[in-house]
Structures are given as C-alpha cells and as structure tokens.
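Visitor: The following block contains the structure, expressed as structure tokens.
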Amino acid sequence: MGLLGPGISEVIATTRGNAAPVGVIRRGDDLTAVLFRGSHTARNVVRDGWLVANVSHDPVVFVRTAFEDLPADAFVTVPALGWDRLAAADGFAACRAEILRETSEAYLIGLTVEREEILEARCVPANRGRCAVLEAAVHATRFRQTGDPVLGRLIRHHASIIRRCGGPAELEALALLLGYIGGEPGDSSR
C-alpha cells in the first residue's frame, strides 16, 4: 500500500521550490489531490507534471507551509528524478501528476507514485494536539480569506485541544498560526 494509505493522507506537497499542505486521497488503488487555482502548487503541477508528497510529523512545518514559503535550504533533490522534496521529511512519495478534471476554482489531479522512501523509521503515537493543529491550519487558511465566524469558532475549539493535549511543538505551531491570522478569532484584542 505504501506511505499513502486509504482515505486522506495529510502531507506537505512539494513542487519546484514550493511546499504546501495537501490532502492526498486514496480510494482503492487511485491517488488524487485537489489543488486550488492560483496557488503556487497548482501552477507548478500544471507546468511540470509532478508533486512530491512528504510525510512529516512536525506541526510547525504544516503551519509554516500553509502561510509562507520555505527557504531554498528546506529542499533537497530526489535522486534520479530531480524533483524537490523536504530535507526534513520522514518519508516521501514522488508522484507524476496529471489533470483529471478542472473547474473554475480547482484541479483534480491524478497521482502515480514513481518513487517512495522511508527516511526516518520511528513510531509516532497519535497526539490529539498535533491532529488539532492540522485541523486549525485548514480552518485558518480559509478564515484569513473570509473572516467567517464559524471558522473562527472552529479555530478556537482546536486551539483549546492544542493547549490541553499538545506538547512544545504543537504550542509553537499554534502561536505561529494565531500570528498569521492576527490573534485568536473572537479575541477583543484582534
């Protein structure tokens, strides 16, 4: 089955000089991803025809890549392919990418694994704080665009889980996330 298991695997997708959180969807043997038009990731995939799905347990990297570009030294090259991957990835699946469908807002991308590798073999237990960082980051990217109060409530909910269940890395990721959106939604200091 490989690194990308059934359902949606939350990864950091890399393209040429770019990294962003992406959900890779596995249904049976089919791998797909939805990429939003206007994003660096979508433009690069359409242009170059590849994407590397990086597995990382670092919540700070998820938040940073959701809101900013990483420096050039955050990337290394996948041998024989010449594609960019995260230097600090625990593993990766380098995929050819083709547009299956497109709308005015997004592309449905079909992925075919060309090479995958486990770089760091370690057992990482589930952590509710880490999972809540991923959920909060998804809501925060949309909240920053729309200011939707429902998303603000969801961010506050996940922030409370991060504070209760997270460790130092999750708390650092939460502080970064709140900085990117101008403070905790609903906070009167905002």
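Listed here are the residues, each with its yes/no results for (1) assigned to a helix (DSSP H, G or I); (2) not aliphatic (A, V, I, L, M).
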{"site": "136", "(1), (2)": "yes, no"}
{"site": "140", "(1), (2)": "yes, no"}
{"site": "143", "(1), (2)": "yes, yes"}
{"site": "150", "(1), (2)": "yes, no"}
{"site": "174", "(1), (2)": "yes, no"}
{"site": "186", "(1), (2)": "no, yes"}
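Visitor: Taking interchain pairs and intrachain pairs at least six residues apart, which have beta carbon atoms under 9 angstrom, with the first residue in segment 103-117 and in the same structural domain as residue 38 (by TED's automatic domain parsing) and the second assigned to a strand (DSSP E or B) and of a type in the set (Asp, Glu)?
Guide: 108/102; 109/98; 110/30; 110/98; 111/30; 111/98; 112/98
Visitor: Any residue at all in segment 76-95 that is of a type outside the set (Phe, Trp, Tyr) and in contact with a His (Cβ under 9 Å, 6 or more places away or on another chain)?
Guide: Taking segment 76-95 and keeping what is of a type outside the set (Phe, Trp, Tyr), we get 76-82, 84-91, 93-95.
If we keep only those that are in contact with a His (Cβ under 9 Å, 6 or more places away or on another chain) too, we end up with 90.
For segment 76-95, residues of a type outside the set (Phe, Trp, Tyr) and in contact with a His (Cβ under 9 Å, 6 or more places away or on another chain): present.
Visitor: Quickly run through segment 133-158 and pick out the residues that are of a type in the set (Gly, Ala, Ser) and touching a Pro at 6+ places or on another chain (Cβ under 6 Å).
Guide: Filtering segment 133-158 for residues of a type in the set (Gly, Ala, Ser) gives 136-137, 140, 147, 152.
Within segment 133-158, 152 is the sole residue that qualifies.
Visitor: Is it the case that segment 61-83 has a residue that's among the aliphatic types (A, V, I, L, M) and modelled with pLDDT under 95?
Guide: Residues of segment 61-83 among the aliphatic types (A, V, I, L, M): 61, 63, 66, 70, 72, 74, 76, 78, 80-81.
Subset that is modelled with pLDDT under 95: 80.
Yes, segment 61-83 contains at least one residue that is among the aliphatic types (A, V, I, L, M) and modelled with pLDDT under 95.
Visitor: Just the residues that are basic (Lys, Arg) and either closer than 21 Å to residue 75 by Cα or surrounded by 15 or more Cβ atoms within 10 Å (Cβ to Cβ) (or both), please, taken from segment 1-58. Break it down into steps so the answer makes sense when it comes.
Guide: Keep residues of segment 1-58 that are basic (Lys, Arg), which gives 16, 26-27, 37, 43, 47.
Scanning segment 1-58 gives 16, 26, 43, 47.
The values are calculated or read from the model by the stated rules, or taken from the named source; none is laboratory data. As the structure is a prediction and not an experimental result, all values here were calculated from the model. Note: ideal-geometry Cβ built from the backbone for every residue, glycine included; neighbour counts use all protein chains shown.
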